[in-house]
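What follows is a single structure, written as structure tokens, with notes after it.
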Amino acid sequence: MDKPIKIGIIICDRYRTCAGGKCLRSFHKREGAFDRYKEVEIELVGFATCNGCPGGNIEYAPAEMKKNGAEVIHLATGMVVGYPPCPRIRYFSQFIKEKIDVVVGTHPIPTSYYQTHTNLGTWDSATWKELLAPTLADEKTRDSYN
């Protein structure tokens, strides 16, 4: 049997008290950005916040997770669905990618957030469309994450 792919998750500090329910559910069900691991075993080796704006923990948390075997860091969906979305997420992704693979997103975007941000035009740019792609599940799945 192949070794599991080891994953770390970094969440927005606004949600530092989050118990990780949606991220962990999607991790175990291989939904949202974890859909890419449908055919392989995965293991969670780290869970931390960005440490608040401007994201001081982005410099340290991925390196620490990598010491624990992390091969991929997921930036939580909360960073893109919160209001306002994280203005530094593109930078975080680029910075982390210099050291380890990174994916923007964890759980599927809940329908309520999807509708609100669509109505506000928050994600109208090509950059946001690229960042959101891993978490844009079908409508039924988005509904189940409301």
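The values are calculated or read from the model by the stated rules, or taken from the named source; none is laboratory data. Just so you know, these numbers come straight off a predicted model, no measurement behind them. Positions of Cβ are backbone-derived with ideal geometry, glycine not excepted, and every protein chain shown enters the neighbour counts. Heavy atoms of the whole protein, side chains included, go into the accessibility calculation; ligands, DNA and RNA do not. Shrake-Rupley method; radii C 1.70, N 1.55, O 1.52, S 1.80 Å.
So the values come out like this:
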{"quantity": "Options (i) 15.2; (ii) 17.4; (iii) 16.4 - which one matches Kirkwood radius over Cα pairs in Å as calculated here", "calculated": "(i)"}
{"quantity": "Probe 1.4 Å, protein heavy atoms only - accessible area per residue of the stretch 5-137 in square angstrom", "calculated": "51"}
{"quantity": "Distance (nanometres) between label positions extended 7 Å along Cα→Cβ at Glu59 and Arg36", "calculated": "2.7"}
{"quantity": "Computed [θ] at 222 nm, deg cm²/dmol, the chain (DSSP H ≥ 4; -39,500 (n - 2.57); rounded to nearest 500)", "calculated": "-9000 deg cm²/dmol"}
{"quantity": "Relative contact order of the chain, pairs being alpha-carbon contacts under 8 Å that are 6 or more residues apart, as %", "calculated": "29"}
{"quantity": "Rh (Kirkwood; distinct C-alpha pairs) - the stretch 4-70, Å", "calculated": "12.5"}
{"quantity": "Cα centroid of the stretch 65-119 to Cα centroid of the stretch 1-28, whole Å", "calculated": "11"}
